[in-house]
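Structure first, commentary second.
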Amino acid sequence: MSPLSRRDMFRGAVLLGTGAALGGLELSIAGPAAAAVAAPTIAGCATWGARNPSSTLSQIATDANKIIIHHTATANSTDYTQAHAFSLARSIQNYHMDSNGWSDTGQHFTVSRGGFITEGRHYSLSHLTSGNGMVVGAHCPGQNDQAIGIENEGTYTSATPPTTQFNKLVDLCAYICDQYGIAPTKIYGHRDFVSTSCPGDAFYAQLPALRSAVAAKLSGGTAWSAIVDNSSAGFSASTAWGTSTYSTQRYGADYRYAAPVAASDPAYYSATLPSAGNYKIETWYPGDPGYNAATPFVVFSSAGSQTVTVNQTTGGGAWRSLGTFAFAAGAQQVVGVSRWTSGTQYVIADAVRITKA
């Protein structure tokens, strides 16, 4: 039997220690270490037309020990092309060099809203590919010689990243964790280290889901997961549904509420499912004694509509399972929060997480 590499030993230790840290998520390891994570497609600096650094960049032998997530705080563009991603990379580099006075792009990698990954600072990709050492960044004071910085195109104070972007970020983070032996629990937001709103309230609230998806991918399991918040493009509701920021247990910046009524007026969560099969459906809502104790969640599975009643007076501020259901592939309504229930307390529609089982 050939000896294990340093990375194999790290990978086994990382995964074995992740279950407890992620609330008991069970991760299986085949043999002494899980299979290596496939490298996602990353466009190097030369590919997207980067300028040369204005001065020599510091490259160190020390490996990265964490990942820091940022948002670019730019427009939430609907141009999802590779050409746009490359243009964004050039724009960021120009701003960092010409306005900030930095030697090069500050972060190591960027993920566009269309799901294209570009190298940021020169030499980031070569170090990642080898799994040895790193180039010192300029994305987070105090962490630039320890953390891989990833910018995500968009402003996510209230909106959340598109599913394509989020899934590609999972792929990139899993590869970084695998190459450097970083635990998924060591994925942080920019605000965890400095006083900033980055990566935005809505995106920061998704970091637990990001860590879980990365852990699943490292374990060899499926990493496909989508979160539809009430501010996401996949959410729709009539004007009868109000918007509130009352509870701090909310997911993202706000949530929706409506009074019960004996009529069909659901708040809908829609998503594009990658393949036919079983999906775990979870909901996030703020719990409050003034909210409804019998809120109907209607799951539109391929076996027909199935209603799950949720007591929203308690148990808020966390993901709550509605169950696992079969779905066909493609774009579709997945869940509806119905107003057709008893009592006078508000029914709440906040966020839904859909995970391939």
Say we look at the range 329-357 and pick out the residues that are in contact with a Pro (Cβ under 8 Å, 6 or more places away or on another chain) and surrounded by fewer than 13 Cβ atoms within 10 Å (Cβ to Cβ); which of these is farthest from Tyr255 (Cα to Cα)?
-> Ala329
Which numbered condition trips up Ala326, out of (1) buried (at least 18 other Cβ atoms within 10 Å of the Cβ); (2) within 28 Å of Ala174 (Cα to Cα)?
-> (1)
In the range 141-189, how many residues are under 23 Å from Ala75 (Cβ atoms), in a helix (DSSP H, G or I) and in contact with a helix residue (DSSP H, G or I) (Cβ under 9 Å, 6 or more places away or on another chain)?
-> 3
Under the condition of being of a type in the set (Ser, Thr, Tyr) and surrounded by 20 or more Cβ atoms within 10 Å (Cβ to Cβ), which residue from the range 71-122 is nearest to His190 (Cα to Cα)?
-> Thr72
Does Ala331 meet the test of being at pLDDT 95 or above and outside the structural domain of Thr157 (by TED's automatic domain parsing)?
-> no
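The values are calculated or read from the model by the stated rules, or taken from the named source; none is laboratory data. Nothing here was measured: the structure is a model prediction, and the numbers come from that model. Using ideal geometry, Cβ is built from the backbone for each residue, glycine included, and neighbour counts are taken over all protein chains shown.
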